[in-house]
1. So Arg45 clears everything in (1) over 24 Å from Pro65 (Cβ atoms); (2) modelled with pLDDT of 90 or more; (3) of a type in the set (D, E, K, R) except one condition, right? Which one?
2. I'm trying to understand the selection: among the residues of segment 18-41, which are out of contact with any helix residue (DSSP H, G or I) (no Cβ under 9 Å at 6 or more places or on another chain) and exposed (fewer than 12 other Cβ atoms within 10 Å of the Cβ)?
3. Does Ile37 satisfy the criteria of being within 25 Å of Phe68 (Cβ to Cβ) and modelled with pLDDT of 90 or more?
4. Surrounded by 15 or more Cβ atoms within 10 Å (Cβ to Cβ) and on the phi < 0 side of the Ramachandran plot: is that true of Asp54 in this structure?
5. Please specify each residue of segment 48-75 satisfying the condition of being modelled with pLDDT under 90, among the β-branched types (Val, Ile, Thr) and closer than 23 Å to Pro15 by Cα.
6. When you scan segment 29-36, do you find a residue that is acidic (Asp, Glu) and part of a helix (DSSP H, G or I), even just one?
7. Which pairs have Cβ atoms under 9 Å, sit 6 or more apart or on different chains, and link a residue in segment 42-63 that is closer than 15 Å to Leu22 by Cα to one that is in a strand (DSSP E or B)?
Amino acid sequence: IQSMSRKGNCLDNAPMESFFHLLKIESLPKIRSCKDIAEFTCLFRKYINWYNNDRISNKTKNMSPVDFRTHALAT
């Protein structure tokens with residue numbers, strides 16, 4: 001079942017689609033080298049940790065998400 005907002009557009013899926021797009025773009029060579037589901041799960045967990053804690057983004061003023069939250073809470 002496709003997820004839709006009340007107006008009938010799928011904008012509520014945009015954040016997850018963006019995340020999975022980045023996952024595929026940034027990890028595809030590593031994903032292809034996985035031999036089994038356990039290896040893929042380990043790779044996926046490492047990517048989630050990196051994405052949530054270390055990834056630098058223009059949206060966060062070239063800071064990691066942790067640094068950006070710390071900076072925002074300090075001001």
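The values are calculated or read from the model by the stated rules, or taken from the named source; none is laboratory data. This one's a predicted model, so the numbers in the text were calculated from it and none came from an experiment. Every residue, glycine among them, receives a Cβ derived from its backbone with ideal geometry; neighbour counts consider all protein chains shown.
1. Going through the list (1) over 24 Å from Pro65 (Cβ atoms); (2) modelled with pLDDT of 90 or more; (3) of a type in the set (D, E, K, R), Arg45 breaks only (1).
2. Initial filter on segment 18-41 (out of contact with any helix residue (DSSP H, G or I) (no Cβ under 9 Å at 6 or more places or on another chain)): 18, 20-21, 25, 28-29, 32, 35-39, 41.
Within segment 18-41, Ser18, Phe20, His21, Ile25, Leu28, Pro29, Arg32, Lys35, Asp36, Ile37, Ala38, Thr41 qualify.
3. Values: within 25 Å of Phe68 (Cβ to Cβ): no; modelled with pLDDT of 90 or more: yes.
No.
4. Values: surrounded by 15 or more Cβ atoms within 10 Å (Cβ to Cβ): no; on the phi < 0 side of the Ramachandran plot: yes.
Taking the combined requirement at face value, the residue does not satisfy it.
5. Residue satisfying the conditions is Thr60 alone.
6. Keep residues of segment 29-36 that are acidic (Asp, Glu), which gives 36.
Within this subset, residues satisfying the condition of being part of a helix (DSSP H, G or I) are none.
Looking through segment 29-36, none of the residues is acidic (Asp, Glu) and part of a helix (DSSP H, G or I).
7. From segment 42-63, the pairs are Ile56/Met63; Ser57/Met63.
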